[in-house]
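Note sheet for the following structure.
No value in this document is a laboratory result; all are computed from the given coordinates. Quick caveat: nothing in here was measured; it's all calculated off a predicted structure. Glycine also receives a Cβ, built like all others from the backbone with ideal geometry; neighbour counts cover every protein chain displayed.
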Amino acid sequence: MNNSLFAGISNWYGKEGLIGLSKRVCSFAFGAGVVISSSGSYENALLTKSAILNQSSQHSIWKIESPFCDNSDLIPDLTPPEFESTELKYVDTPSYTLESQFVLELDHVLLVGPHATVITSDGQATADTLSERDDRTRWMLNNAIINRPKLLFSALRHGSSVGDTSSLSTGAILYHHSPNYYHWIVEQVFKLRNIEHYEYMTGRTVKLIVGSNAPSFVFEFLAHCGYTTDDIIRWDGEPLRLERIILPTVPEPTPQLLEWVDSRIIQTVDAYSGNSRWFYLSRQHANRCRRVANFNEIEPILERLGIQPIRLEELSLEDELAMMRGAKGIIGPHGAGLTAMCWGNNLTVIELFNQVVKAPYYKLASLCGHEYRAIVGEGVGAASRARNKDILLNLESFEALLETVITP
């Protein structure tokens, strides 16, 4: 069985139980039936990144070269941290290819919900961002079929011209089904760099089609980068026809992207003027997982070493950027808050794990040029998945590591 499919089944069963899994399977079977009856197979129905590159002469593509392509010696170490314990589980995904990126322009497409599936004029489906993986596109397409089966059947068979929908000239999509900070910032907001490259190369103005479920911080970032309400379309999931859509490849933290982040985001705020230069990114109010079980015992250690606990979700964007720009180091349990390292310079990043060591933050730290350390505690408490258990830290090991990296 396909590994990603098996992982998805296990995840659904853990979250929703047998009844929820059964509903998922029935939905998938219905979607697959529509795809097969309209297109013959998923392979015919999906427009993939590899297919685009294999037929590049038939597409309008703007490439953005990566220095890693010419010199692989420039790629920093992206391997996970090593620990003495043999009882740990390693999950080395998500991964970065660090290949050259590109922006694809497609004419006459149909955007259908609920997860921003793009249907081409040839009746193929693709996602808002191009990648080697097609499992996300399959999932998006299946959900679109469940949402509008008649429209999707016709669109896959006859192309994007079907249906009576509103239209737009040129647009690019910022959409993710989850409110997760990492996914929205790294996978969506960072697409702006590639979209702006397209605008520069073509002279065209691209409207940003932003899912109505987008968290408020997405609009803070867009405003911070100079985008106004006139540049943004709040998409409600209803079918939308576009004369031209811009599809970038998945953004990755290459040197060019980090330069864009520095000039367009970081340099626009003044560094934090407070006394603290080390910050603990707290998850103690997280309603699900990976809190530090003995936080009350590590709190005095943090206070003695001048480490300020903060809750990123309570900060404005400008305060978060300013704190990270002026920071020497950050500490926190594995979680989306560690994405804030992107706003820092020469940080020390200390990540706290339970007994599951998972990417991407050790990779992200290395690509950002930060020093990276990690501590593994004991996974405790009830959780549907081992990686979501709370973390019980060894106080001596925790304090000893902090004392070696924190200088007055």
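Could you tell me which residue out of 36, 284, 347 lies farthest along the dipole of the chain toward its positive end? Charges go on the beta carbon: Lys and Arg +1, Asp and Glu -1, centred on the Cα centre.
36
At residue 382 and residue 199, where each label point lies 7 Å from the Cα along Cα→Cβ, what is the point-to-point distance in nanometres?
Modelled inter-label distance: 5.0 nm.
Fewest first, what order do 196, 238 take by the number of other Cβ atoms within 10 Å?
With the sparsest Cβ surroundings first, the list reads 238, 196.
How large is the direction-averaged shadow of the alpha-carbon convex hull of the chain, in nm²?
21.0 nm²
Would you grab the residues whose amide H sits under 5 Å from the one on residue 130? Only those 5+ places off in sequence or on another chain, please, with H modelled 1.01 Å from N.
Long-range HN contacts for residue 130: 249, 250.
Angle check, please: helix 192-202 long axis (alpha carbons) against the longest principal axis of the chain (alpha carbons), in degrees 0 to 90, nearest 10.
The answer is roughly 40 degrees.
Classify region 42-144 from the C-alpha gyration tensor, please: rounded if a/c falls under 1.5, else prolate or oblate depending on whether a/b exceeds b/c. Kindly include the intermediate steps, with their values, before the conclusion.
Details: a/c = 3.27, a/b = 1.51, b/c = 2.16.
The shape class here is oblate.
Where the only charges are on Cβ atoms (+1 Lys, Arg; -1 Asp, Glu), what is the dipole of region 98-155 about its Cα centre, to the nearest 20 debye? All intermediate terms of the calculation are to be shown ahead of the outcome.
Working: 5 positive and 8 negative charges, 84 e Å.
Dipole magnitude for region 98-155 comes out near 400 debye.
Principal axis extents for region 166-256, Cα atoms only, whole Å, descending order, please.
So the three principal-axis extents are 33, 30, 22 Å.
Would you mind working out the magnitude of the charge dipole of region 269-405 relative to its Cα centre, with +1 at each Lys and Arg C-beta and -1 at each Asp and Glu C-beta, to the nearest 20 Debye?
In debye, rounded to 20, region 269-405 gives about 560.
What does the charge count around residue 350 come to, taking other residues whose C-beta lies under 13 Å from its C-beta (Lys +1, Arg +1, Asp -1, Glu -1)?
With Lys, Arg at +1 and Asp, Glu at -1, the neighbours total -2.
Quick one: net charge around residue 341, please, counting Lys, Arg +1 and Asp, Glu -1 for every other residue with C-beta under 14 Å from its C-beta. Please list the in-between numbers first.
Values: positive: 325, 328, 363, 373; negative: 262, 320, 351, 371.
Net of charged neighbours comes to 0.
I want the local charge near residue 297. Using Cβ-Cβ distances under 14 Å, sum +1 for each Lys or Arg and -1 for each Asp or Glu among the other residues.
Numbers: positive: 291, 304; negative: 299, 303, 378, 390, 396, 399.
Around residue 297, the charge tally is -4.
Once the dipole of the chain is set up with Lys and Arg at +1 and Asp and Glu at -1 on Cβ about the Cα centre, which of 103, 172, 271 lies farthest towards its positive end?
After comparing all options, I get 172.
What FRET efficiency comes out for residue 86 versus residue 314 if R0 is 35 angstrom and r is the Cβ-Cβ distance? Round to the nearest 0.05.
Rounded to the nearest 0.05, the efficiency is 0.35.
So which aspartates and glutamates can residue 63 reach, going by Cα to Cα under 19 Å and dropping same-chain residues fewer than 8 places off?
99, 105, 107, 128, 132, 187, 196, 199, 252, 259
Considering Cα pairs under 8 angstrom that are at least six residues apart, work out the relative contact order of the chain and quote it in whole percent. Don't skip to the end; give the middle numbers.
On the way: 717 pairs, mean separation 68.9, N = 408.
Reported relative contact order: 17 percent.
Report for region 269-405 the percent antiparallel among DSSP-assigned beta bridges with both residues inside it, nearest 5.
DSSP beta bridges in region 269-405 are roughly 15 percent antiparallel.
For region 326-408, what does the convex hull of the Cα positions come to per residue, in cubic angstrom? Could you put the intermediate results ahead of the total?
Details: hull volume 7.2 nm³, N = 83.
For region 326-408, the hull spanned by Cα atoms encloses 86 Å³ per residue.
Give me the mean projected area, in nm² to one decimal, of the convex hull enclosing the Cα positions of region 269-405.
That works out to 7.7 nm².
Please compute, for the alpha-carbon atoms of region 86-178, the extent along each of the three principal axes and give them in descending order in Å.
59, 30, 21
So how far apart, in nm, are the two label points at residue 328 and residue 400 if each is 7 Å from Cα heading toward Cβ?
2.2 nm
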